[in-house]
Amino acid sequence: MTTPLRLGIAGLGTVGVGIVRIVQKHAALLEQRAGRPVQIVAVSARSKTKNRDVDLSDYTWEDDPVALAKRGDIDVFIEVMGGHEGPAKDATEAAIASGKDVVSANKALLAIHGQAIAEAAENAGRVVRFEAAVAGGIPVVKSLTEGLAGNEITRVMGVMNGSCNYILTRMEDAGLSYEAVFDEANQLGFLEANPELDVGGIDAAHKLALLAAIAFGTQVDFDAVELEGIGSVTIEDIRQAADMGYKIKLLGVAQMTGRGLEQRMSPCLVPDTSPLGQLAGGTNMVVLEGDAVSQIVLRGPGAGEGPTASAVMGDVMDIARGTRISTFGQAAKTLRKTRAARAAVAAPYYLRMQLMDKPGALAKVARALGEAGISIDRMRQYGHDDTAAPVLIVTHKTTRTALDGALTEFKSTGVVTGDPVAIRIEAV
């Protein structure tokens, strides 16, 4: 095939400019690998006059991304604007209705409207690909939809927000508080304009919801993700977890249980010798587990111009070659709704509490755990002042429901001050 694949790019921020650079730099290589030329025809962004350090003079400019999506001289609409409503949603829907394939880096749009978009694309005979929306340069969507298509997936988990991993790693390495490292990361430009998208776990939860839909053949359900950010993690937790052989990570976990689909994005402890435990800085890691393959670990840059643009172009090249896969790996009409299960799989937990210096105080805590059916694996008590001492407990496997009951009971013992910290320990 010698007919060129014609691209229209909506959004010329970091990622959009990265795509332009790849197409301009590797035009001959892309043609050799695709068997046809891959060309940019038109672009759209908020400002035409902004200096982007890339030559856009050969491309038609559209002020309106919806007008770009409807152009008759593009085959693939690339959406890298962001946002789950407004222009990104309108332009994506317009592209599909106009007979265009879509490549998107927009995790929020797909996590919230993914089912409707997938159905619209399927009805129109078009494809929507979104490798760049999940874990940047790591080809995790392709791994699930293609490489592991012969597996029943049993669990998906990973560190999917590099900014959070940077903060937690930096806290440990420098011995700094969360607040100090948060300010540092913000000044370095590592956080979104709304930092809560990062540190609140929302960005990573969008990604987890998309991977869960592919892995388990379910309709994407972002609202069902149990969500907890890293704002409550203290340097004391990091130090004391390390003392017991663990690292704290903002970990996403999705698995199908007898009670329904469990999706969690929350701080977890992982063994410090595990691949996830050794992951440092802003790098992402996704672990995929299947019945035939056992465990696959994918590690790489989760954001940035090059990695994200690379993922976009991977999807573009699939379309150029004629590879056409349903949005979530199977026909949208076959994706099933499933019940949400809250932390249904039992696990050990790390507990930290301030225990009053009174006779029998520890026995009261142990009794509350025992009455909830929770046994103690390990326990440590650290130096204390005249009134209270920090106590760490690692439990044997238990359910979150049982643990919540014990935590409630702690309040009535009269020996626990403040709110205990409970962090799940995930098997890796």
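The values are calculated or read from the model by the stated rules, or taken from the named source; none is laboratory data. Note that the coordinates shown come from a computational prediction; the quantities given were computed from them, not determined experimentally. Heads up, the Cβs are rebuilt from the backbone with ideal geometry, glycines too, and the neighbour counts pull from every protein chain shown. For accessibility, only protein heavy atoms count, side chains too; no ligands or nucleic acids. Shrake-Rupley method; radii C 1.70, N 1.55, O 1.52, S 1.80 Å.
Tell me, what % of the accessible area of the stretch 1-124 is carbon and sulfur with a 1.4 angstrom probe?
47
Is the shape of the stretch 181-261 rounded, prolate or oblate, going by the alpha carbon gyration tensor and its root eigenvalues a ≥ b ≥ c, with a/c under 1.5 for rounded and a/b larger than b/c for prolate?
It comes out oblate by the Cα gyration axes.
How large is the accessible surface per residue of the chain, computed with a 1.4 Å probe and reported in Å² as a whole number?
I get 42 Å² per residue for the chain.
Ranked highest first by average number of other Cβ atoms within 10 Å, how do 161-171, 180-190, 43-53, 268-278 line up?
161-171, 268-278, 180-190, 43-53
Residue separation times 0.36 nm, minus the C-alpha to C-alpha distance between ALA149 and ARG324: what's the value?
Between ALA149 and ARG324, full extension yields an extra 61.6 nm.
Tell me the relative contact order for the chain as a rounded percent, counting alpha carbon contacts under 8 Å between residues six or more apart.
The value is 16 percent.
Can you tell me which of 308-315, 79-86, 229-236, 292-299 comes out highest on packing, and rank the rest after it, using the mean Cβ neighbours within 10 Å?
308-315, 79-86, 229-236, 292-299
Across the stretch 190-201, in residue order, what do the Karplus-derived ³J(HN,Hα) couplings come to in whole Hz, using 6.51 cos²θ - 1.76 cosθ + 1.60 with θ = phi - 60° and x for Gly and Pro?
Each residue of the stretch 190-201 in turn: 7, 10, 5, 4, 9, x, 4, 4, 7, 5, x, x Hz.
Which entries in LYS89/LYS333; LYS100/LYS207; LYS207/LYS364; LYS100/LYS333 show an alpha-carbon gap greater than 31 Å?
Flagged as over cut-off: LYS207/LYS364.
Given the -39500 (n - 2.57) contribution per DSSP H run of 4+ residues, what per-residue ellipticity at 222 nm results for the chain, rounded to the nearest 500 deg cm²/dmol?
-10500 deg cm²/dmol
Check cross-link reach from LYS50 to the lysines: straight Cα distance under 16 Å, and skip same-chain residues fewer than eight apart.
Cross-link targets: none qualify.
How much of the DSSP beta bridge set in the chain is antiparallel, as a percent to the nearest 5?
Once the DSSP bridges in the chain are tallied, antiparallel ones form about 65 percent.
Taking R0 as 30 Å, what FRET efficiency do you get between ASP291 and ALA340 from their Cβ-Cβ distance, rounded to the nearest 0.05?
Here the calculated transfer efficiency is 0.80.
If R₀ is 30 angstrom, what is the calculated FRET efficiency for the pair LYS48 and HIS26, using the beta carbon separation as r and rounding to 0.05?
Once rounded, the FRET efficiency stands at 0.70.
Could you derive backbone 3J(HN,Hα) for the stretch 251-267 from the dihedral phi with the Karplus parameters 6.51, -1.76 and 1.60 (θ = phi - 60°), listing whole Hz in sequence and x where the residue is Gly or Pro?
Ordered by residue, 3J(HN,Hα) equals 10, x, 9, 10, 7, 8, 10, x, 9, x, 8, 9, 10, 10, 10, 7, x Hz.
Give me the percent of the accessible area of the stretch 287-370 that comes from carbon and sulfur atoms, probe 1.4 Å, all protein chains in place.
Here it works out to 50 percent.
Just order 409-418, 205-214, 323-332 by mean Cβ neighbour count inside 10 Å, highest at the front, would you?
Per-residue mean Cβ counts within 10 Å order the peptides as 205-214, 323-332, 409-418.
Check cross-link reach from LYS397 to the aspartates and glutamates: straight Cα distance under 18 Å, and skip same-chain residues fewer than eight apart.
GLU262, GLU371, ASP377, GLU426
Long-range amide H contacts for TYR349: which residues qualify at under 5 Å (H placed 1.01 Å from N, peptide plane, sequence gap of 5 or more or a different chain)?
Distant-sequence amide H within range of TYR349: THR395, ILE425.
What share of all Cα pairs of the chain, in percent, falls into each consecutive 20 Å distance bin?
25, 50, 20, 4, 0
Straight-line reach only, C-alpha to C-alpha below 19 angstrom: list the lysines that LYS358 could link to, leaving out same-chain residues fewer than 8 apart.
Counting by Cα, and skipping residues close in sequence, LYS358 has these lysines nearby: LYS411.
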